[in-house]
Amino acid sequence: MSKVRAKKYLGQHFLKDLGIARDIAQSLSLKNYSKVLEVGPGMGALTQFLVTLNTEIFVIEIDKESVSFLKKNYPELDNHIVEGDFLQLQLKEFFKEPIAIIGNFPYNISSQILFKAIDHKDLIPEIVGMFQKEVAERIVSPPGSKKYGIISILLQCFYDVEYLFTVDETVFDPPPKVKSAVIRLRRNNRVKLDCDEKKFLKVVKTSFSQRRKTLRNALKSLKLVDEISADPYLSLRAEQLSVEDFMNLTNCFE
């Protein structure tokens, strides 16, 4: 088998620029973990650089054709190739110690990969990934930006985020219709939120559901218990509040 056929239903766009693949692999800090899991390796453009790192490499691939290719061309992975869906993988059962996540993520599940990482934030100290450029920009956007939103806040609660570099469409086979970007997320020191997490999520989602309105109007459906503490925020719009601001605001509601 010399080449894997890219499958549209899996969102496969194989990276063919090895310089970019090397840059992605070298973006791993290799700090506070000794294992790395690559999601969706395809034909191993990134894998070939990962296996040269001084760490233990695992890959997970849902495409049977790609799995066969990897087993044939990367015998050094041995029993470190997992055939399956990352979104269904029981991470805490499979890995008992911290593991970094890396990959040229399929655009159709890239956000789901990150939400799963949040659920396993104490197991995943670092993520390096290729995303659709627009998604990457939303993830790293600071308060005050028009691109700042729910995914920005939820990830920045527990990770320090960095935009590393932009990737052109032409370096993929087949080329996607949009530009891509590589970002890095490193676990920060926040162990838990200074408020109820479910309530926090509700306040954030409700705030951004009507992002053009002030928070006083956007959050009318929620019941305030401490309007004095909430008052500094109520005249603002959702995009103007930091993670810390949203935690403070959450504590003002039932």
Worksheet item: Which of Met130, Met247, Met43 comes first, and how do the rest follow, when ranked by fewest Cβ neighbours within 10 Å?
Response: Met247, Met43, Met130
Practice prompt. Identify, among Gly129, Val59, Thr47, the residue whose Cα sits farthest towards the positive end of the charge dipole of the chain, taking +1 on the Cβ of Lys and Arg and -1 on the Cβ of Asp and Glu, with the dipole about the Cα centre.
Written response: Gly129
Response to the item:
extent check for the chain: Cα max minus min per principal axis, descending, whole Å, gives 66, 39, 27
Worksheet item: Beyond 20 Å, what percent of the Cα pairs of region 1-100 remain?
Response: 37
Discussion item. What does the net charge come to around Phe200 if you take all other residues with beta carbon closer than 14 Å to its beta carbon, with K and R at +1 and D and E at -1?
Written reply: 0
Fill in: Between region 22-49 and region 197-254, the alpha-carbon center distance in angstrom
39
Worksheet item: Cβ under 12 Å from His80's Cβ, His80 left aside: what net charge do those residues give with Lys, Arg +1 and Asp, Glu -1?
Response: -4
Worksheet entry | Whole-number D in µm² s⁻¹ for region 197-250, Kirkwood Cα-pair radius fed into Stokes-Einstein, 4 °C, 1.567 mPa s | 120
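No value in this document is a laboratory result; all are computed from the given coordinates. Everything quoted here is computed from the prediction, not taken from an experiment. All Cβ positions, even for glycine, are placed from backbone atoms using ideal geometry, and neighbour counts span all protein chains on display.
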